[in-house]
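The values are calculated or read from the model by the stated rules, or taken from the named source; none is laboratory data. On a predicted model such as this, the values are computed, not experimentally measured, just so you know. Virtual Cβ from ideal backbone geometry, glycine too; neighbours counted across all protein chains shown.
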Amino acid sequence: MWFEILPSAAIITVALSVPIYAMYGLQKLTLGNAYRRNMDDRFSRVMYQRDYRLTDNPYIMNGLHAIPDEGKK
């Protein structure tokens with residue numbers, strides 16, 4: 001009958017969703033942040049490098065307070 005497909009469909013669904021949720025945990029463990037930054041275009045790579053240079057952690061939101069004042073003594 002049609003319901004005989006349900007166990008194998010559930011196994012396939014679980015097997016295909018495990019890597020997605022495993023990457024969440026692995027990135028949280030290795031990077032300290034569960035979400036990767038997208039580096040597909042040049043602008044995103046430049047912004048990643050800028051954030052890393054300014055605060056040594058590209059996953060922290062950076063505002064004007066992260067840029068050192070050069071005119072102040």
| said: Please determine whether any residue of the stretch 28-36 is within 15 Å of the chain's Cα centre (by Cα), surrounded by 10 or more Cβ atoms within 10 Å (Cβ to Cβ), in a helix (DSSP H, G or I) and not aromatic (Phe, Trp, Tyr). | reply: yes
| field | Test result for Arg45, surrounded by 10 or more Cβ atoms within 10 Å (Cβ to Cβ), modelled with pLDDT of 80 or more and of a type outside the set (A, V, I, L, M) | value | yes
| note | Residues in the stretch 18-70 that are on the phi > 0 side of the Ramachandran plot and hydrophobic (A, V, I, L, M, F, W, C) total 0
| said: Of everything in the stretch 54-73, what is in a helix (DSSP H, G or I) and surrounded by 10 or more Cβ atoms within 10 Å (Cβ to Cβ)? Give them in sequence order. | reply: Leu54, Thr55, Ala66
| query | Taking Gly25, is it within 12 Å of the chain's Cα centre (by Cα) and touching a residue at least 24 places away in the same chain (Cβ under 8 Å)? | reply | no
